[in-house]
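Chemist: Before I ask anything, here is the structure I am working with.
The values are calculated or read from the model by the stated rules, or taken from the named source; none is laboratory data. Every value quoted in this text rests on a predicted model; they were computed, and no experiment measured them. No Cβ is skipped: glycine too gets one built from the backbone with ideal geometry, and neighbour counts run over all protein chains shown.
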Amino acid sequence: MTNHSQNLTHTKVWYLAPESIEDAATCEILTRWLSVEERGRMQKFHAPRHRHTYLVAHALVRGALARELGCEPSELIFESNAYGKPSLVLPDSSAKLEFNLSHTEGMCVVALSRFSRVGCDIESLNQPGLEVDIARNFFTLEESEDILNCLPAQQVERLLTYWTLKEAYIKAEGQGLSMGLDTFYFSLQENQLPRLILKSGAQQPSAVWLFKQIMIGKHYLVSLAIEPKHAADMDIEIKKADWIGRL
């Protein structure tokens, strides 16, 4: 695979709708990109659409990384930490590539950075059946009150704004739900970046994280947690991964 960006100097986000990949030949190529273990996990999904989402999402990760490294997607080898966060082991690279995958119904995204740890989460804002009362079970009192104080038509979007930020943060830290979603919250002020606030006794962050949110189309909200080591790390390029459809 062609090397497209050996000198990635910013945060890049690739997105793709799984249903945009339909033809059997392309799906066969993507399947060959996956490891034996990944193929096994894919086959454990009972619903065909869930298997297809898994295939496209994990092929997106491999394809995006391979484009940066100038190798074949099938050559990539990953390892996971105790909490399940994957990292790239092979091929060796002079500058480590950080990445994070997220997907929701109808869309998947992968965030890449050459120098900075990164976490991402995506949710569809079009969830009319979502009950905002679940915020009381997972969020802090500050966040729950803010959600319920919004106009009814805005409550679901506010809830998902908090949810994606929390997910992006714990994924960037690489410790999953062990951090406790009710031990920290976000301050959301108009025209300002989201600000992380810790509750008493919360686990201290391992870095000074910066948070950004971007939209894909009208319905998909993406939150990013970035450990900026260079000013350019906060520059975000978001593009459709249409190169997968041209295989």
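Chemist: Criterion first (more than 30 Å from Arg158 (Cα to Cα) and of a type in the set (Phe, Trp, Tyr)) does Phe99 satisfy it?
Modeler: Considered against the rule, which asks whether it is more than 30 Å from Arg158 (Cα to Cα) and of a type in the set (Phe, Trp, Tyr), Phe99 comes out as no.
Chemist: Which one of these is surrounded by 13 or more Cβ atoms within 10 Å (Cβ to Cβ), under 30 Å from Glu22 (Cβ atoms) and of a type in the set (Asp, Glu): Glu167, Glu173, Glu143?
Modeler: Glu167
Chemist: Another question about this same structure. Which one of these does Thr26 not meet: (1) part of a helix (DSSP H, G or I); (2) under 24 Å from Met215 (Cα atoms); (3) in contact with a Gly (Cβ under 8 Å, 6 or more places away or on another chain)?
Modeler: (2)
Chemist: Another question, if that's okay. So, in the range 123-161, exactly how many residues are among the small types (Gly, Ala, Ser) and either under 22 Å from the mean Cα position of the chain (by Cα) or outside the structural domain of Ile197 (by TED's automatic domain parsing) (or both)?
Modeler: Residues in the range 123-161 being among the small types (Gly, Ala, Ser) and either under 22 Å from the mean Cα position of the chain (by Cα) or outside the structural domain of Ile197 (by TED's automatic domain parsing) (or both): 2 in total.
Chemist: Out of curiosity, is Leu16 under 22 Å from Thr104 (Cβ atoms) and either under 19 Å from the mean Cα position of the chain (by Cα) or modelled with pLDDT under 95 (or both)?
Modeler: Criteria met by Leu16.
Chemist: Being in a loop (DSSP other than H, G, I, E, B) and in contact (Cβ under 8 Å) with a residue 40 or more places away in the chain is the filter here; which residues of the range 118-163 pass it?
Modeler: Once the filter is applied, which keeps residues that are in a loop (DSSP other than H, G, I, E, B) and in contact (Cβ under 8 Å) with a residue 40 or more places away in the chain, the range 118-163 yields Leu125, Asn126, Phe139, Thr140.
Chemist: Among the residues that make up the range 179-187, is at least one of them within 23 Å of Gly84 (Cβ to Cβ), more than 19 Å from the chain's Cα centre (by Cα) and part of a helix (DSSP H, G or I)?
Modeler: The answer is yes, given that some residue of the range 179-187 is within 23 Å of Gly84 (Cβ to Cβ), more than 19 Å from the chain's Cα centre (by Cα) and part of a helix (DSSP H, G or I).
Chemist: Of all residues in the range 94-128, which are farther than 16 Å from Ile226 by Cβ and modelled with pLDDT of 90 or more?
Modeler: His103, Thr104, Glu105, Gly106, Met107, Cys108, Glu123, Ser124, Leu125, Asn126
Chemist: Can you spot a residue in the range 199-211 that is closer than 27 Å to Asn126 by Cβ and free of Cβ contacts under 8 Å to residues at least 60 places away in the same chain?
Modeler: Within the range 199-211 (the criterion being closer than 27 Å to Asn126 by Cβ and free of Cβ contacts under 8 Å to residues at least 60 places away in the same chain), the answer is yes, since at least one residue qualifies.
Chemist: Checking Ala153 against (1) touching a Leu at 6+ places or on another chain (Cβ under 9 Å); (2) over 18 Å from Pro194 (Cα atoms); (3) aliphatic (A, V, I, L, M), which single condition isn't satisfied?
Modeler: Result: Ala153 passes all but (1).
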